[in-house]
Amino acid sequence: MILEAVKYMILGMGVVYLFLIMMVWVLNWQHKLLLKYFPESFQKPEEKTTSKREKLKKVAAITAALHHMKNS
Amino acid sequence: MILEAVKYMILGMGVVYLFLIMMVWVLNWQHKLLLKYFPESFQKPEEKTTSKREKLKKVAAITAALHHMKNS
Amino acid sequence: MILEAVKYMILGMGVVYLFLIMMVWVLNWQHKLLLKYFPESFQKPEEKTTSKREKLKKVAAITAALHHMKNS
Amino acid sequence: MKKRLLTFFLALSFFLIPLGVLATVNHMASNETHKEVQTENKSFGSLLLNFYKQTGIYAFLSPKEGVKNAKGDEISKFQQSFGRIIMIAICFVLFYLAIAKGFEPLLLIPIGFGGLLANIPLANIIGDGGFIGELFKAGIANELFPILIFMGVGAMTDFGPLLANPKTALLGAAAQFGIFGTLVGAVALSQFGIFDFSMQDAAAISIIGGADGPTTIFIASKLAPDLLGAMAVAAYSYMALVPVIQPPIMRALTSEEERKIRMTTRRQVSKLEKMMFPLTVLVLTILILPESSPLIGALTFGNFVRESGVVERLSKTLQNELINIVAIFLGLAVGSKLAAEYFLVPETLGILLLGLVAFSIGTAAGVIMGKIMNKMSKEPINPLIGAAGVSAVPMAARVANRVGMESDPTNVLLMHAMGPNVAGVIGSAVAAGVLLSIF
Amino acid sequence: MKKRLLTFFLALSFFLIPLGVLATVNHMASNETHKEVQTENKSFGSLLLNFYKQTGIYAFLSPKEGVKNAKGDEISKFQQSFGRIIMIAICFVLFYLAIAKGFEPLLLIPIGFGGLLANIPLANIIGDGGFIGELFKAGIANELFPILIFMGVGAMTDFGPLLANPKTALLGAAAQFGIFGTLVGAVALSQFGIFDFSMQDAAAISIIGGADGPTTIFIASKLAPDLLGAMAVAAYSYMALVPVIQPPIMRALTSEEERKIRMTTRRQVSKLEKMMFPLTVLVLTILILPESSPLIGALTFGNFVRESGVVERLSKTLQNELINIVAIFLGLAVGSKLAAEYFLVPETLGILLLGLVAFSIGTAAGVIMGKIMNKMSKEPINPLIGAAGVSAVPMAARVANRVGMESDPTNVLLMHAMGPNVAGVIGSAVAAGVLLSIF
Amino acid sequence: MKKRLLTFFLALSFFLIPLGVLATVNHMASNETHKEVQTENKSFGSLLLNFYKQTGIYAFLSPKEGVKNAKGDEISKFQQSFGRIIMIAICFVLFYLAIAKGFEPLLLIPIGFGGLLANIPLANIIGDGGFIGELFKAGIANELFPILIFMGVGAMTDFGPLLANPKTALLGAAAQFGIFGTLVGAVALSQFGIFDFSMQDAAAISIIGGADGPTTIFIASKLAPDLLGAMAVAAYSYMALVPVIQPPIMRALTSEEERKIRMTTRRQVSKLEKMMFPLTVLVLTILILPESSPLIGALTFGNFVRESGVVERLSKTLQNELINIVAIFLGLAVGSKLAAEYFLVPETLGILLLGLVAFSIGTAAGVIMGKIMNKMSKEPINPLIGAAGVSAVPMAARVANRVGMESDPTNVLLMHAMGPNVAGVIGSAVAAGVLLSIF
Ligand code: NA
Ligand code: NA
Ligand code: NA
């Protein structure tokens, strides 16, 4: 039964490595492909729009308040 | 079988029209009733209280900040 | 059957009182224990960190806005 | 606007009543008209006729003997026609109470709407495969929904006021006399032939005196599932009516001097004490009354999640998303018991009556216990806070506060009343456990 | 970036196609190679071999006769190999449409992913015990999920524009001709032997013309569960394609003058009116068409929770947490019907075709009804808003607005088009009820 | 305060231990006292006695032969009395760890509370109709809850660090040796008679080395449902203990110079790359290991929803409401396996031991692989980041960073360690798939 367990160990580690090595390989290949065909996608990603909007709202509120204060 | 389908079509469109025509009729009748008995319900609905509160909080925070700044 | 109901009533009220009296007793005992061994836990509990953080953020935003305004 | 709203609902009922009258008239004549119709039409006409027979109008106008609902229970001809119209009107009344009067809208609106849907003829909404039927199976039949609500209640409740003056918990114990006193009363009245409740039904109904929605639903679905609808409606209605029901009883049982009693400051409560509290209560439950442990277990779980302070995410989820979702499902499912065939039965009147009695007895018992404690204890206790022992958190505590202020506007009893108020929740859960252990 | 994204997906398909070719080749040769392999290996080799037989590669390359899926339905050799690869590619196309084109991503992404998972060989994801299978049982088989989505839709929909001009509801009625016209067409084509749909299947498919996702899923799971996947994909795709499908039809049926018609101001709508609206619609449903009450009941419940104004908590829950959670579950579960064995059948083509026809007929009927109403009514009505009667809220209303602006950039039709748009939702639910009452 | 908290819990245990002693004493004497009591009382006395027999005190003090729990499994006399008290104490320890030590409170608090409730005598909480029993049926028996948690994990995980340096994924592969090495060890020890685990049990237990909660629960409920409680407790405890378990191993296996190695900058990651990543992983899973597809499918679904960028609503729902609700349900349900009759069995000790071994082996294997890769690769690799390959995101990565800073305070390894860390999650899911394909 130990022998069987050892076989399972070899099989298991083999599959895990196979899977992750293939993944590494595909990811590297994908990276090159993307660099070539979609170089613009490597731009710094902008911040998410929602939080941006919220910030804008906050800023607008503050600006309004300041404006109000100035005029008064 | 086509004839049957045509019958279903007439029945179906008939019921859909019946339903929506009755709805239109009831809505118009309801509108008149409400205009007569609840004219005040046609006021511009106020903004929802929660968002109002939040705004008030924000304004309070800003006012406090401004006040703080003025005094310093 | 009424007699039975009366018995249930006595049992029921008895258990309810037993339970809550024991609870009162344990809570009082616990209170003394905590006062003795954990006096510092009776400090005014601070406000929750999350809301604190949010407030800090808000204040930071306002301060930034004010700063911006001052300089401009 | 509220008065006018009432007028409007009355106007609406003018729309419903003629239909009802029509129904009753037709009800009588239906035996004759029936047979003629069936053979008359053919082809497109027969299609139209078949369709007409599937309309609600036909179902209201032509009730039939021996019809069964989606769950296989029989519906009498009255329940099929006028009965359903009455129930629809009752649901509209529930909406009116929820919206214009602010009576527990979070539950009365889903319950009322569930009631509307349950009274739709021919549609299989409350049966197997119908969506409310599925919700019922998913959470009422196995008591999951009231338990989840109780978790949310636990996560929303601050037991601090009770910890600041633990002995006020005894007021919450006294108020449970509403439950057991009513049990005796209901059994006695059944003995005298006025009602016809079994001991088990009587026990279930009495729990309404506990003034706690989830506990009522939990007990009803265990001990008397057929009475669930009326019991839930009674429980939530009376909880909403606390400001109307309680003050007269409170004033009758106390003197002006007693109502003016000022209570001394409460002791400080530590964070650790709050954190230990749910565990303490649960351990007591395990030792004394395991039958209560589903209810008290859920309550203390929610409270422990709240007070542990390290799982804010879960605490917020219990207090918001989860309780809201469950409240919608629970309300609709409970509403399914407002179907005419379940609600328009003689027992309902008894339930509404006994529920009111239970509520009143509970209030009185709490106040009297307050008077006794005031005399026995060194520190003064205002007996008004005893009325808060029925639960109905936080309404009952507010009522105690307000009645106290009538006598002395500077005497703030609110936090003192919150102690018995939250103790009442535990008390009812214990009482529920006793009932479950007996039946 | 979008064009390049397309290129990339094409590149990806180069990755998939060779595998497909391999599959077909192997498919033919599989009968011989098979037997040799089985006896050759032992010990560790046999372990490896056994493992290889559990890989997806083996399953794609060596399809077998008589294989059944997790639900006990047979899968042909084509469906096991090339078929699955085609379906995986189709799911990628759905992702492309959802992400790059913005086509109903909230449903197409979960549906597409559910489709991917459903086409994984050997994994029992869509069967009993598999997680998508469990989701399917929990909410599609009993129709709970589409109903809950409809509650959310009700809570999100403002029926104000309809109340401001109720008679535009008739445009929403006309557009349902898309459903019933297609029914006749489908039956006719089946009669002529072009398709092979039963009357019931034809009825189910026609509902795609209602342009309403949950209604389509509801009807499909009742009348034609086997066609659910294709119907859902068709419905959501065409709803997303509204800006492409509708404008040519609208331009063809209207003159430049008609498209320039300005509509007069709409009447004021009171808060009370909005609150009464869901109840009114529900009462009408009860009277006329109880079969529609699950759908309309859910819609009006959500809307009543919204407009009652006293249960903001529940309204927000319906509009956010609940609908989001259900959308995820519904999408994945519907996606399970994109398994090759269910989707790659001759019927799918018919469904896609008839769905498109239904959509177009509905649009045309709405516009024509608009022309008729414009002539009959005192107030001018722009026939373009008739196209919005198909539902597809709010996309169709926006399209009507935009087409109108092409002729007169200062003519804002949006709010006028919202009336028929939301009426179309009710209209489709009524039509669905009629279909359910017939079959 | 933390030390004092410990003191307090000790004080509390003084409250529990006497009861335990009492239990054992009574345990011995119970045979005699029993019969006398039963005949003595009558009427109200007998009611009291009956009630006493339903208290927890009685159940603890008078365990009986042949008692079965709510699920029909037998409970020994020891498990009924002292066993339950031990389990309750263990649950208190879990709370202490969660609150005072911050050990995975989001799961240990619900699990601990579930454990408390599961050890209440007489209450049918974990059986059919009990609320935890219902939660168990709803999501553990069919594996839905761990899958939904995994969706949330996917939606919360940023795979960017892995994409920035894909080859670090091999460290995540090496760490899975913790699983398979322990499998061999467990089988060997069973062979030598030290443990008594079947091959299947051994495989299930080994998965604890994967350092991933949902994966452990998923595998346990498939391969060894009886061991679920102990396995879950072991997995979450060791994940929480990562900062204690890993550093000594890491220091023992690396030289000072190796720990000082600075890693070069990582390559840029495009948004499109992140979006493709979950699809790529899923396609690989389909091709190589369909058995892993429930776990990896859920993970990649969550991640795709996150990275697609067009369904923010769904992404937030997966990361918040859904995962929170499921965490509560999952925790309570898993806690039900902490009932004395399931937990206080000889196997538990073996599980706790083997789990610790698996964790340690995994850590060591990751570090050694790091040393190998550092020698083989052109770019320098700090072997410490190999320890992060066990998963336990993000704790293990932080530990790697901290140990590195001990040697060189300016060397920030965090983002480099996140690569193997998230790869470890995928690696464990693959390993789980292998185990499922074998057994
Ligand atoms: Na109470
Ligand atoms: Na429609
Ligand atoms: Na791992």
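In a Debye calculation with equal point scatterers on the alpha-carbon sites of the range E:146-204 and no solvent, what is log10 I(q)/I(0) at q = 0.14, 0.26 Å⁻¹?
Each listed q maps to, in turn, -0.64, -0.97.
Can you pull the mean other chain C-beta count within 10 Å for peptide D:274-281?
Per-residue shielding by partner chains comes out at 5.
On a straight-distance basis, which aspartates and glutamates could pair with D:Lys371 in a cross-link, Cα separation under 14 angstrom, same-chain partners fewer than 8 positions away excluded?
D:Glu256, D:Glu257, D:Glu258, D:Glu379
Tell me the angle of helix E:213-223 to the major Cα principal axis of chain E, expressed in degrees between 0 and 90 and rounded to the nearest ten.
Once rounded, the angle reads 60 degrees.
Excluding ligands and nucleic acids, what accessible area in Å² is computed for D:Ser377 using a 1.4 Å probe, to the nearest 10?
D:Ser377 exposes around 30 Å² with every protein chain in place.
May I ask for the equivalent-ellipsoid semi-axes of the range F:243-325, computed as the square root of five times each C-alpha gyration tensor eigenvalue and listed largest first in whole Å?
Value: 33, 18, 17 Å, ordered largest first.
Normalising by the residue count of chain D, find the relative contact order in percent from Cα pairs under 8 Å and 6+ residues apart.
After rounding, I find 25 percent.
Compute the acute angle (0 to 90°) between the alpha-carbon long axis of helix F:43-53 and the principal axis of greatest extent of the alpha-carbon atoms of chain F; round to the nearest 10°.
Its long axis makes an angle of about 30 degrees.
Cβ neighbours within 10 Å, averaged per peptide: list F:229-242, E:131-144 in order, most packed at the top.
Result, highest mean Cβ count within 10 Å first: F:229-242, E:131-144.
So which aspartates and glutamates can E:Lys337 reach, going by Cα to Cα under 13 Å and dropping same-chain residues fewer than 8 places off?
Leaving aside aspartates and glutamates fewer than 8 places away in the same chain, those within reach of E:Lys337 are E:Asp73, E:Asp226.
Once Rh is set to the Kirkwood radius over Cα pairs, what Stokes-Einstein translational diffusion coefficient, in µm²/s, holds for the range D:281-332 at a temperature of 25 °C and a viscosity of 0.890 mPa s?
202 µm²/s
Work out the length of the dipole vector of chain D about its Cα centre, built from +1 on the beta-carbon of each Lys and Arg and -1 on the beta-carbon of each Asp and Glu, and round it to the nearest 20 debye.
1040 debye
Distance cut-off 25 Å, Cα to Cα: go down the list D:Lys274/F:Lys316; D:Lys222/E:Lys222; A:Lys32/F:Lys274 and report the pairs above it.
Too far apart for the 25 Å limit: D:Lys274/F:Lys316; D:Lys222/E:Lys222.
Reachable aspartates and glutamates from D:Lys53, Cα under 13 Å, same-chain residues fewer than 8 places away excluded?
Partners found: E:Glu291.
To the nearest 10 square angstrom, how much accessible area does D:Arg398 have with a 1.4 angstrom probe?
140 Å²
Could you tell me how many cubic angstrom of Cα convex hull volume the range F:46-116 has per residue?
111 Å³
Quick one: pull the percent of accessible area on the protein assembly as shown belonging to carbon and sulfur, 1.4 Å probe, ligands and nucleic acids left out.
Carbon plus sulfur share of accessible area: 63 percent.
For the protein assembly as shown, take N as its residue count and report Rg(C-alpha) divided by 2.2 N^0.38 Å.
That ratio works out to 0.96.
Once the label point is set 7 Å along the Cα-to-beta-carbon vector, what list of distances in nm do you get between F:Lys101 and its counterparts in the other copies?
5.6, 5.6
Using a 1.4 Å probe and ignoring any ligands, DNA or RNA, find the accessible area of A:Trp25 and quote it in Å² to the nearest 10.
150 Å²
If you take the Cα Rg of chain D and divide it by 2.2 N^0.38 Å, with N the number of residues, what do you get?
For chain D, the normalised Cα radius of gyration comes out at 1.09.
So what's the convex hull volume per residue for the Cα atoms of the range F:164-236, in Å³?
87 Å³
Determine the total buried accessible area between chain F and chain D, counting protein heavy atoms only with a 1.4 Å probe; round to the nearest 100 Å².
3500 Å²
Which Cα, out of D:Thr280, D:Thr254, D:Ser270, lies furthest along the positive dipole direction of the range D:245-319 (beta carbon charges, K/R +1, D/E -1)?
D:Ser270
Rounded to whole Å and sorted largest first, what semi-axes of the equivalent ellipsoid does the C-alpha gyration tensor of the range E:85-135 yield via the square root of 5 times each eigenvalue?
Equivalent-ellipsoid dimensions as semi-axes: 23, 13, 5 Å.
For E:Arg402, F:Arg313, D:Arg259, what's the largest-to-smallest order of accessible area, 1.4 Å probe?
So the residues, ranked largest to smallest area, are E:Arg402, F:Arg313, D:Arg259.
Can you give me the three principal axis dimensions of the range E:307-374 from its C-alpha atoms, in Å, biggest first?
Ordered largest first, the range E:307-374 gives principal extents of 49, 47, 10 Å.
Total accessible area buried between chains C and D, 1.4 Å probe, in Å² to the nearest 100?
Approximately 3500 Å², summed over both chains.
For D:Val93, E:Val310, give me the order by solvent-accessible area with a 1.4 Å probe, most accessible first, ignoring ligands, DNA and RNA.
D:Val93, E:Val310
With 27 Å as the cut-off, how large is the P(r) tail for the range D:295-439, expressed as percent of Cα-Cα pairs?
The calculated P(r) of the range D:295-439 puts 41 percent of pairs beyond 27 Å.
Along the positive direction of the dipole of the protein assembly as shown (beta-carbon charges: Lys, Arg +1; Asp, Glu -1; about the Cα centre), which of A:Asn28, D:Ala204, D:Ile111 reaches farthest?
It is A:Asn28, whose Cα lies furthest towards the positive end.
Using alpha carbon coordinates only, what is the Rg to Rh ratio of the range E:380-439, with Rh defined as the Kirkwood radius?
In the range E:380-439, Rg relative to Rh is 1.13.
Between the helical axis of F:177-191 and the dominant principal axis of chain F, each derived from Cα atoms, what acute angle in degrees is found, rounded to the nearest 10?
40 degrees
The values are calculated or read from the model by the stated rules, or taken from the named source; none is laboratory data. Note that this is a predicted model, so its numbers are computed, not measured. Note: ideal-geometry Cβ built from the backbone for every residue, glycine included; neighbour counts use all protein chains shown. Keep in mind that these areas ignore ligands, DNA and RNA; they rest on the heavy atoms of the full protein, side chains included. Shrake-Rupley method; radii C 1.70, N 1.55, O 1.52, S 1.80 Å.
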